[in-house]
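The values are calculated or read from the model by the stated rules, or taken from the named source; none is laboratory data. In this text the structure is predicted, and so the values were computed from the model without any measurement. Positions of Cβ are generated from backbone atoms using ideal geometry, with glycine treated the same way; all protein chains shown enter the neighbour counts. The accessibility values were calculated without ligands, DNA or RNA, using every heavy atom of the protein model including side chains. Shrake-Rupley method; radii C 1.70, N 1.55, O 1.52, S 1.80 Å.
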Amino acid sequence: IRQYRTELLEYPTDTQNKEINFHKHYWTTGDKYYRLASQYYGDPSLWWIIAQYNKRPTEQHNVEGDAIKVPFPLAIVLKYIG
């Protein structure tokens, strides 16, 4: 039996967050992380960045009207949440 270790997710510290800007998006019916990633990053495969940054791993963790932060620039965001 092969057992896998659950990876610990990293989040930016308060100091690191000062280097990150974000677009504020208000969640509406039908929103998907991959669509937001495509819209803001030009790459739908980067959906996980938005999910991880907001500490909401799936779309079902959001309700209509929730403010979602879409962090940028990508190079700095990836440096801290890798």
(request) Over the chain, consider all pairs of different Cα atoms and compute the Kirkwood hydrodynamic radius from their mean reciprocal separation; express it in Å, one decimal. (result) 13.5 Å
(message) Could you sort K18, K32, K79 by their accessible area in this structure, using a 1.4 Å probe and putting the largest first?
(response) K18, K79, K32
(request) Please get the size of the charge dipole for the chain, origin at its Cα centre, with Cβ charges of +1 on Lys and Arg and -1 on Asp and Glu, quoted in debye to the nearest 20. (result) 160 debye
(message) Run the numbers for L78 and Y34: contour at 0.36 nm per residue of separation, minus the present Cα-Cα distance, in nm.
(response) 14.2 nm
(message) If DNA, RNA and ligands are ignored and the probe is 1.4 Å, what is the ranking of R2, R56 by accessible area, most exposed first?
(response) R2, R56
(message) Using a Förster radius of 22 Å, what is the FRET efficiency between K18 and R56 based on their Cβ-Cβ separation? Nearest 0.05, please.
(response) 0.50
